[in-house]
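Single-structure report; data block below.
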Amino acid sequence: MTTVVSACPSGLSPPGAPAAAQDPSAFVVQKDGVKSLDLIVKGASCGGCMSKIENNVARLQGIRIARLNLSTGRLRVEWTGQLKPRTIVEAVAALGYGVTAFDPGKADSEGARTERRLMTALTIASVGTAAVMFMSEPLWFGSDLPPDIRNVLRWLSAVVALPVAIISGRPFFSSALASIRARRLNMDVPVSLAVILALALSLYETIVGGQHAFFDASVMLLFFLLIGRVLDARLRRRAYDAANELTALQTTSATRISRQGKAEAVRAADIRPGDILLVAAGEKLVVDVEIVSGESEADLRLVTGEVEPVAMFVGQTLHAGAVNLSAPIQARALAAAKDSLMADIARLLEAGEQKKSTYRRLADKAAELYVPQVHATAAFGFVAWLAFGATAAQAAYIAVTVLIITCPCALALAAPLVQVVAAGRLFREGVYLSSGDALERLAAVDHIVFDKTGTLTLGDPVLVDPLGVDRNVLEYAAMLARASHHPFSRALVKAVGAGPVAEGVREIPGRGVTGIIDGRRASLGSASFLGAIAGGGSELWFAFDGEIPAVLHFDDVVRPDSADTVALLKAMGLEVELVSGDGAERVRRAAEAAGIQQWKAGATPQSKATHVKALEASGQKVLMIGDGLNDAGALAGAHASIAPGGAVDVSRLASDCVFSGDSLSAIARIVATARTARSRMRENFALAALYNAIVIPIALAGWVTPLVAAIAMSASSAVVTLNALRMARPAHSGKAGLR
Amino acid sequence: MNVFILMLPGIAGLALAGLAALHWALKSGQFEDPKGAAARILDENDGPG
């Protein structure tokens, strides 16, 4: 007997499943005789892992570069010569790490460019601020400085501050211009105004040899604000990369049969309609196809949520996401990978996306309130001082100091800081947010709609009551099951564990598996295959030839902590509902196990999306949680959405947030963290408003000097930062749901 | 006043050198992998480049 089962040390493949069907040669890029490959490595956490992986790969023949980025898990390999890409992948896998080829072409190049530009602006602003502050220090404290030295210092500050402000201020100026053109006022308008006016005023004061110049305050303002922007950009890029990585871990390559009849590995993105694909047993379809030859069974859990496999026959169409179970088939691609969506779902997604882009972020709402008030106050100061007999220059000075001192440092940092800290905390718990305003929307939800298969449940069927079955039956049945990809066989193998496989195994699609165990023929399969009477549930029957068949029951079991999580969510004030595409009996059982009273079965993708839309129309804010192709429309149309890590690409992209792992408690943690983040953001806005209330009278009285401005700006930013950092550590488990 | 005139170009030069260094660091991807850089200094096999 041969032992076929290999326990994958990284846990990426379920026990007994075939090695990843991916052929890395589809991802090799060749340039000037040098081949390169990008891989994602899972499980490398420390310097030891890094040197182990790099040294082992560098030992292979022809390797020029083997460099692991420990922060992102990406391994870049470059080599010359005949080395097979598969060897590289196996070298890493042999060390015990999960490894997948990765298509870097999908990297967020625009996000990376934005981040780089902001980082450049930040470094210039930081050096400029340091230089100007260095020169301002004697101006602040040197009361006995001779006036010509004062002047020199001021002119030098101008020479440094002006170019720095022009370069580092560009992100704000262009954003402010765009906002004004769109007839809106965002946070960058007062910032740009403050910086420009402060520089103009300071230049004037320097030319006429006046009292104070605010060069230091202007660049310092830009410096603090850029920190906020860089953090925000990094957050977006990290979220995008993380989501991309999850995508890469699923099958992104396929086998195409070329016109000459040769099988070649291709990237999913390169598949054209009309291509003939060879789909192995256990492989997932990456495009919509029509079956051309072969007979097998398909697992549609990701497409419709149905747990029972359906028969495949020639001429049948199947959607991307279906898994071929029993036998290899040939199929013709009906659409390119990115077009393999049901047309209806595509339309639903579009409608949902439009809705998301009109959501006004909390920070923008605050800006709309803040901006007119501050400008009005400054104008008022200008007019008032004029009325009191001041010169135009003096009145302008007062107005500009009002603008500077009410600098939206705190306001602009308030939201990004909290979001970054919250996202970081969630990231460490295996949750990836797709955008900054996801947190705000997640905090506002009051009604949750769960999908069943793969979301509320783990998606894989589980052997029910293994202790109630004769141990021998389990062992023998497992020997046949280990050679099959049928979900029930996989569940049986998982329950029994690693072990030998029977000889001469034959799988008959739609019926079962037969093989020789200890010289006797045995069969495992449906009731009709073994001549037994079907019980009506999900079952497999096993018997040696001539013996009475024994039955094994399977069920799609809810995640272990479902009942607790649902209870917690209800305690948090949320209504919980279950909507699934699977049969009524299974849905009812799952709802009961999880403690959910409202449930719907047999839902189509359209009806799911419509249901969510109806709830939203009636004023509820829906949180949709789902993983399959049939959930994508609902995910896009809900106020906020979450997808489990095993979801199809479409659902992951359509959702605000992706959580990994088997535990459903992540949902409760996500909502709790989002609510805490929202409170922090509101607190920060309140603190910023309080700060303004204190400093505006000081500015109107004319008591603001550059030193005062610098201190005020730093202090307000520090307070807001410290408040945001209160979120850095996870809340105590008892209070998590109630904060 | 003489000292001043000598010092200031020096300061400006230092500031620009700092800026150039930061620019190079950004360009050559020094900020891409903070965790890896921290671990690499402890690696005995890691050579320059």
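Observations, loosely collected:
- Of the residues making up the stretch A:65-88, those that are part of a loop (DSSP other than H, G, I, E, B) and of a type outside the set (A, V, I, L, M, F, W, C) are A:Ser71, A:Thr72, A:Gly73, A:Thr80, A:Gly81, A:Gln82, A:Lys84.
- Here A:Ala614 does not fit the description of being part of a helix (DSSP H, G or I), modelled with pLDDT of 85 or more and open to solvent by less than 30 Å² (accessible area, probe 1.4 Å).
- Any hit, the stretch A:148-157, residues being more than 14 Å from chain B (Cβ to nearest Cβ) and in a helix (DSSP H, G or I): no
- Selection status of A:Arg116, surrounded by 14 or more Cβ atoms within 10 Å (Cβ to Cβ), within 14 Å of another protein chain (Cβ to nearest Cβ), farther than 26 Å from A:Gly210 by Cβ and in contact with a helix residue (DSSP H, G or I) (Cβ under 8 Å, 6 or more places away or on another chain): yes
- In the stretch A:61-75, the qualifying residues are those that are farther than 14 Å from A:Thr100 by Cβ, within 11 Å of chain B (Cβ to nearest Cβ) and polar (S, T, N, Q), and the one that is least open to solvent (accessible area, probe 1.4 Å) is A:Asn69.
- Among (1) outside any helix (DSSP H, G or I); (2) modelled with pLDDT of 85 or more - the single one A:Ala213 does not satisfy: (2)
- Scanning the stretch B:15-28 for residues that are surrounded by 12 or more Cβ atoms within 10 Å (Cβ to Cβ) and either of a type in the set (Gly, Ala, Ser) or more than 9 Å from chain A (Cβ to nearest Cβ) (or both) returns B:Ala15, B:Gly18, B:Ala21, B:Ala25.
- Residue match in the stretch A:175-190 (condition: part of a helix (DSSP H, G or I), within 11 Å of chain B (Cβ to nearest Cβ) and either surrounded by fewer than 22 Cβ atoms within 10 Å (Cβ to Cβ) or not β-branched (Val, Ile, Thr) (or both)): no
- Meets criteria (away from every other protein chain (no Cβ under 14 Å), modelled with pLDDT under 85 and outside any helix (DSSP H, G or I)) for A:Gly96: yes
- Residue match in the stretch A:25-42 (condition: away from every other protein chain (no Cβ under 14 Å), on the phi > 0 side of the Ramachandran plot, open to solvent by 30 Å² or more (accessible area, probe 1.4 Å) and modelled with pLDDT under 85): no
- Test for B:Met1: is it more than 16 Å from the chain's Cα centre (by Cα), open to solvent by 90 Å² or more (accessible area, probe 1.4 Å), modelled with pLDDT under 80 and over 30 Å from A:Ser45 (Cβ atoms): yes
- Scanning the stretch A:464-481 for residues that are open to solvent by 10 Å² or more (accessible area, probe 1.4 Å) and not hydroxyl-bearing (Ser, Thr, Tyr) yields A:Val464, A:Asp465, A:Pro466, A:Leu467, A:Gly468, A:Val469, A:Asp470, A:Arg471, A:Asn472, A:Val473, A:Glu475, A:Met479.
- Residues of the stretch A:544-597 satisfying the condition of being open to solvent by 10 Å² or more (accessible area, probe 1.4 Å), small (Gly, Ala, Ser) and within 24 Å of the chain's Cα centre (by Cα): none
- Helices (runs of 4 or more DSSP H) wholly inside the stretch A:434-530 that include at least 3 residues being at pLDDT 90 or above, under 39 Å from the mean Cα position of the chain (by Cα) and under 30 Å from A:Ile642 (Cβ atoms): A:437-444
- Only strands (runs of 3 or more DSSP E) whose full extent lies in the stretch A:265-345 are considered here, and the ones with at least 2 residues that are among the acidic types (Asp, Glu) and either in contact with a strand residue (DSSP E or B) (Cβ under 9 Å, 6 or more places away or on another chain) or modelled with pLDDT of 85 or more (or both) are A:296-299.
- Any hit, the stretch A:685-697, residues being at pLDDT 85 or above and assigned to a strand (DSSP E or B): no
Conditions tested, residue by residue: (1) part of a strand (DSSP E or B); (2) open to solvent by 10 Å² or more (accessible area, probe 1.4 Å); (3) in contact with a helix residue (DSSP H, G or I) (Cβ under 9 Å, 6 or more places away or on another chain).
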residue: A:Gln606; (1), (2), (3): no, yes, yes
residue: A:Met624; (1), (2), (3): yes, no, yes
residue: A:Asp631; (1), (2), (3): no, no, yes
residue: A:Ser641; (1), (2), (3): yes, no, yes
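- Count of the stretch A:531-543 residues which are surrounded by 14 or more Cβ atoms within 10 Å (Cβ to Cβ) and either touching a residue at least 60 places away in the same chain (Cβ under 8 Å) or not in a strand (DSSP E or B) (or both): 4
- Test result for A:Ile53, in a strand (DSSP E or B) and either open to solvent by less than 30 Å² (accessible area, probe 1.4 Å) or away from chain B (no Cβ under 14 Å) (or both): no
For every residue, the table says whether it meets (1) part of a helix (DSSP H, G or I); (2) modelled with pLDDT of 80 or more; (3) polar (S, T, N, Q); (4) at positive phi.
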position: A:Leu348; (1), (2), (3), (4): yes, no, no, no
position: A:Ala366; (1), (2), (3), (4): yes, no, no, no
position: A:Gln373; (1), (2), (3), (4): yes, yes, yes, no
position: A:Val383; (1), (2), (3), (4): yes, yes, no, no
position: A:Leu403; (1), (2), (3), (4): yes, yes, no, no
position: A:Cys407; (1), (2), (3), (4): no, no, no, no
position: A:Leu413; (1), (2), (3), (4): yes, no, no, no
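- Single unsatisfied condition, A:Glu78 versus (1) under 22 Å from B:Gly29 (Cα atoms); (2) surrounded by 18 or more Cβ atoms within 10 Å (Cβ to Cβ); (3) at pLDDT 90 or above: (2)
- Across the stretch A:269-318, the qualifying residues are those that are among the aliphatic types (A, V, I, L, M) and touching a helix residue (DSSP H, G or I) at 6+ places or on another chain (Cβ under 8 Å), and the one among them that is surrounded by the fewest Cβ atoms within 10 Å (Cβ to Cβ) is A:Ala269.
- Residue count for the stretch A:565-603, restricted to those that are farther than 16 Å from A:Gly454 by Cα, modelled with pLDDT under 90 and assigned to a loop (DSSP other than H, G, I, E, B): 0
- Filter result for A:Trp140 (within 11 Å of chain B (Cβ to nearest Cβ), open to solvent by 30 Å² or more (accessible area, probe 1.4 Å), over 46 Å from the mean Cα position of the chain (by Cα) and touching a residue at least 24 places away in the same chain (Cβ under 8 Å)): no
The values are calculated or read from the model by the stated rules, or taken from the named source; none is laboratory data. Bear in mind that the values here come from a model prediction, so they are computed numbers and not experimental data. For neighbour counting, all protein chains shown are included, and Cβ atoms are generated from backbone atoms with ideal geometry for every residue, glycine included. To get the accessible areas, we keep the full protein, side chains included, count just its heavy atoms, and leave off ligands, DNA and RNA. Shrake-Rupley method; radii C 1.70, N 1.55, O 1.52, S 1.80 Å.
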